[in-house]
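*Asks:* Mind looking over this structure? Questions follow.
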Amino acid sequence: MQGCEGSVLLNSTKGNAAEKDAKPNHTLDAFDVIDDIKAALEKECPGKVSCADILAIAARDAVSLATKVVTKGEWSKDGNLYEVETGRQDGRVSSAKEAVKNLPDSFDGIRKLIKRFASKNLSLKDLAVLSGAHAIGKSHCPSIAKRLRNFTAHHDSDPTLDGAYADRLRRRCRSPGDRTTELEMVPGSSETFDAAYYGLVAKRRGLFHSDEALLRNDVTRGLVLRYRDSEKAFLRDFGESMVNMGRVAVLAGSQGEIRKRCAFVN
């Protein structure tokens, strides 16, 4: 992971495994949507809009469309959850090894999460609020297998996971290697962007160990409880933290390029 310069969009080559093929990114999807947007923009204004900017704007739009207060017209006049800064260049390097090294892992504890975020100049608040992106989407059994069985040498489950919820997940994931069964990050609400995720985390029902880890630090725990009780505060802070993340390792001028096709360097 280089930064906010579209490296995750590049395809692997014969001599290089790219970010999109790194294990933490195996559930990423919709690359074709970004490719279609890029193709349309290149027809209208060739060489003007980077893939990095397209990705940042598309992420904002997807989240906004999944947020009820936005779709009901209760959030902002333009229908967006937050404004996206633009002007990024596209990077020319993409490494699966680097992605594995830098991306948060579903089994990370709070100390490792804090270290990962701090390395990108992101705060404890950014950590807590950006974890709320887990309100949308699904995962698969290998991401939580260790939490359900063999968490320690005694073949037990993760004691930080609610017992009844662990039993339910074990019934869904009968095989640790099951990559077919889909697990909603927020059961019954995985296509809606709201603060329901924090209610689950507070009940020790976050799907990942890294979700539960937010309760292991006074600051992040306080934010979990705050967002559980105030969706408005979460949505406001989420926009601010997305802008912060969008400033990480941005390329400008001759540092990068504006790709003609997002999956390939020029």
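*Asks:* What about ASP126, is it of a type outside the set (Val, Ile, Thr), touching a Lys or Arg at 6+ places or on another chain (Cβ under 6 Å) and open to solvent by less than 20 Å² (accessible area, probe 1.4 Å)? Lay out the reasoning, then the answer.
*Replies:* Values: of a type outside the set (Val, Ile, Thr): yes; touching a Lys or Arg at 6+ places or on another chain (Cβ under 6 Å): no; open to solvent by less than 20 Å² (accessible area, probe 1.4 Å): yes.
No: the conditions fail for ASP126.
*Asks:* List every residue pair whose Cβ atoms sit under 7 Å apart, with the two residues 6 or more apart in sequence or on different chains, where the first one lies in the stretch 186-200 and is over 20 Å from LEU223 (Cβ atoms) and the second, anywhere, is open to solvent by less than 30 Å² (accessible area, probe 1.4 Å) and at pLDDT below 95.
*Replies:* Filtered contacts from the stretch 186-200: SER190/GLY137; GLU191/ALA66; THR192/ALA66.
*Asks:* For a quick check of your reading of the model, give me the residue pairs whose first member lies in the stretch 210-231 and is in contact (Cβ under 8 Å) with a residue 12 or more places away in the chain, whose second is of a type in the set (A, V, I, L, M) and not in a helix (DSSP H, G or I), with beta-carbon atoms closer than 8 Å and at least 6 apart or on different chains.
*Replies:* GLU212/LEU161; TYR227/ALA195; ARG228/ALA195; SER230/ALA195; GLU231/ALA195
*Asks:* While we're here: With the checklist (1) open to solvent by 60 Å² or more (accessible area, probe 1.4 Å); (2) part of a loop (DSSP other than H, G, I, E, B); (3) of a type outside the set (Lys, Arg); (4) farther than 23 Å from GLY239 by Cβ in hand, flag the one item VAL100 doesn't pass.
*Replies:* Here VAL100 meets the rest and fails (2).
*Asks:* When you go through (1) open to solvent by less than 10 Å² (accessible area, probe 1.4 Å); (2) more than 19 Å from PRO24 (Cα to Cα) one by one for LEU207, which number turns out not to apply?
*Replies:* All conditions pass for LEU207, except number (2).
*Asks:* Go through (1) hydrophobic (A, V, I, L, M, F, W, C); (2) assigned to a loop (DSSP other than H, G, I, E, B); (3) free of Cβ contacts under 8 Å to residues at least 60 places away in the same chain and name the single condition VAL84 misses.
*Replies:* Here VAL84 clears every test but (3).
*Asks:* Given the stretch 104-216, what helices (runs of 4 or more DSSP H) lie entirely inside it while holding 1 or more residues that are touching a Cys at 6+ places or on another chain (Cβ under 9 Å) and at pLDDT below 95?
*Replies:* On the way: elements: 110-118, 124-130, 145-148, 163-172, 196-202, 209-212.
Answer list for the stretch 104-216: 145-148, 163-172.
*Asks:* Another question about this same structure. Return the residue satisfying two criteria in turn: it lies in the stretch 55-75 and is open to solvent by 40 Å² or more (accessible area, probe 1.4 Å) and not in a helix (DSSP H, G or I), and of such residues it is nearest to ARG236 (Cα to Cα).
*Replies:* The residue in question is TRP75.
*Asks:* Restricting the stretch 129-145 to residues that are farther than 15 Å from HIS26 by Cα and under 14 Å from the mean Cα position of the chain (by Cα), which is surrounded by the fewest Cβ atoms within 10 Å (Cβ to Cβ)?
*Replies:* Narrowing the stretch 129-145 to residues farther than 15 Å from HIS26 by Cα: 129-136, 145.
From what is left, the residues that are under 14 Å from the mean Cα position of the chain (by Cα) are 129-136.
Working: VAL129: 28, LEU130: 18, SER131: 26, GLY132: 25, ALA133: 16, HIS134: 21, ALA135: 24, ILE136: 20.
Per the criteria, the residue is ALA133.
*Asks:* Moving on. For the stretch 18-51, give me each residue that is over 20 Å from the mean Cα position of the chain (by Cα), closer than 22 Å to VAL250 by Cα and small (Gly, Ala, Ser).
*Replies:* Hits for the stretch 18-51 are GLY47, SER50.
*Asks:* Is there any pair linking a residue in the stretch 100-114 that is farther than 18 Å from LEU215 by Cβ and touching a residue at least 60 places away in the same chain (Cβ under 8 Å) to one that is surrounded by 17 or more Cβ atoms within 10 Å (Cβ to Cβ) and of a type outside the set (S, T, N, Q), with Cβ under 6 Å and at least six apart or on different chains, and which?
*Replies:* Here the result reads VAL100/ALA22; ASN102/MET1; LEU103/MET1; LEU103/PRO24, each pair linking the stretch 100-114 to a residue that is surrounded by 17 or more Cβ atoms within 10 Å (Cβ to Cβ) and of a type outside the set (S, T, N, Q).
*Asks:* Go through the stretch 169-204 and give me each residue that's surrounded by 13 or more Cβ atoms within 10 Å (Cβ to Cβ) and of a type in the set (Lys, Arg).
*Replies:* ARG170, ARG172, ARG204
Table: residues versus (1) touching a residue at least 40 places away in the same chain (Cβ under 8 Å); (2) open to solvent by 50 Å² or more (accessible area, probe 1.4 Å).
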| position | (1), (2) |
| --- | --- |
| ASN16 | yes, yes |
| ASP32 | no, yes |
| ASP35 | yes, yes |
| VAL49 | yes, no |
| ASP53 | no, no |
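The values are calculated or read from the model by the stated rules, or taken from the named source; none is laboratory data. None of these values were measured; they are calculated from a predicted model. Cβ coordinates were reconstructed from backbone atoms using ideal geometry, including for glycine residues, and neighbour counts include every protein chain displayed. To get the accessible areas, we keep the full protein, side chains included, count just its heavy atoms, and leave off ligands, DNA and RNA. Shrake-Rupley method; radii C 1.70, N 1.55, O 1.52, S 1.80 Å.
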